[in-house]
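The structure under discussion appears below in the form of structure tokens.
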Amino acid sequence: MGEVALLRQDFVRPRRAKRPTKRAKAEAAMADLFDDAAPAPAAQKPHRPAPEGVKSREAPLGCLAGASLASRFHSWRGASGRRYICSVFPVRDDAELGGLPDFESAIALAVSRDGRGRRRRLAVLDLCWRDGRFAGDWQAAGDALGAGASEWHIHLLAEDGDARSAAIADIAS
């Protein structure tokens, strides 16, 4: 019996890797939603460039697949490979400028959808509202609506005018 006890003490069970907790999974999903909210630390990998020959750089958010909010968010990749998370708003025929949301400073993408549900970017606008009035490019917004825009995709995370200009150039190219 003493010998068996000795064997039990000598036996060391290998530890299994810890599974991520629900909280860790939720935090990872939220980080995925807002991956461009702050500049990436130098230790992180740089943004992947968009694959060559890929026309469409748009995608639904994988972390929301099957969830009730999935249709309210979408992402677009710029030429740099950076991903821009957008809130989706429908174009309203009964509202001025198609119901373009009145965020003080943001980026708006005018988007159309074909019969198969695929999205196509029609225009990228610097969304500026001041004192309740649209101060952006009326002509570009009107042209996008005339070209068949059915959704406004709004990116709110560009911090200032320079960041908005850079993101607009990245998305539009």
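The values are calculated or read from the model by the stated rules, or taken from the named source; none is laboratory data. On a predicted model such as this, the values are computed, not experimentally measured, just so you know. Positions of Cβ are generated from backbone atoms using ideal geometry, with glycine treated the same way; all protein chains shown enter the neighbour counts.
Restricting attention to the stretch 121-145, and to residues there that are within 22 Å of Glu159 (Cβ to Cβ), of a type outside the set (A, V, I, L, M, F, W, C) and in contact with a Leu (Cβ under 9 Å, 6 or more places away or on another chain), which single residue is surrounded by the most Cβ atoms within 10 Å (Cβ to Cβ)?
Per the criteria, the residue is Gly136.
Could you count how many residues in the stretch 130-172 are more than 19 Å from the chain's Cα centre (by Cα), closer than 22 Å to Arg72 by Cα and in a strand (DSSP E or B)?
0
Yes or no: the stretch 122-139 includes at least one residue that is in contact (Cβ under 8 Å) with a residue 24 or more places away in the chain, on the phi > 0 side of the Ramachandran plot and touching a helix residue (DSSP H, G or I) at 6+ places or on another chain (Cβ under 7 Å).
No, that holds for no residue.
Within the stretch 45-64, how many residues turn out to be modelled with pLDDT of 50 or more and either surrounded by 10 or more Cβ atoms within 10 Å (Cβ to Cβ) or under 16 Å from Arg119 (Cβ atoms) (or both)?
Residues of the stretch 45-64 modelled with pLDDT of 50 or more: 52, 57-64.
Right, trim to either surrounded by 10 or more Cβ atoms within 10 Å (Cβ to Cβ) or under 16 Å from Arg119 (Cβ atoms) (or both) and you get 57-64.
Residues in the stretch 45-64 being modelled with pLDDT of 50 or more and either surrounded by 10 or more Cβ atoms within 10 Å (Cβ to Cβ) or under 16 Å from Arg119 (Cβ atoms) (or both): 8 in total.
Does any residue in the stretch 65-90 that is under 16 Å from His155 (Cβ atoms) and at pLDDT 90 or above come within less than 7 Å, Cβ to Cβ, of a residue that is surrounded by fewer than 20 Cβ atoms within 10 Å (Cβ to Cβ) and among the hydroxyl-bearing types (Ser, Thr, Tyr) six or more places away or on a different chain, and which pairs are these?
Ala79/Ser173; Val88/Ser71
Of all residues being in contact with a helix residue (DSSP H, G or I) (Cβ under 8 Å, 6 or more places away or on another chain) and surrounded by fewer than 17 Cβ atoms within 10 Å (Cβ to Cβ) in the stretch 73-88, which is nearest to Ala167 (Cα to Cα)? Just the residue, please.
Filtering first and then ranking leaves Ala79.
Here are some residues: Leu109, Leu100. Which one is touching a helix residue (DSSP H, G or I) at 6+ places or on another chain (Cβ under 9 Å) and within 16 Å of Ile171 (Cβ to Cβ)?
Working: Leu100 fails: within 16 Å of Ile171 (Cβ to Cβ).
After applying the criteria, what remains is Leu109.
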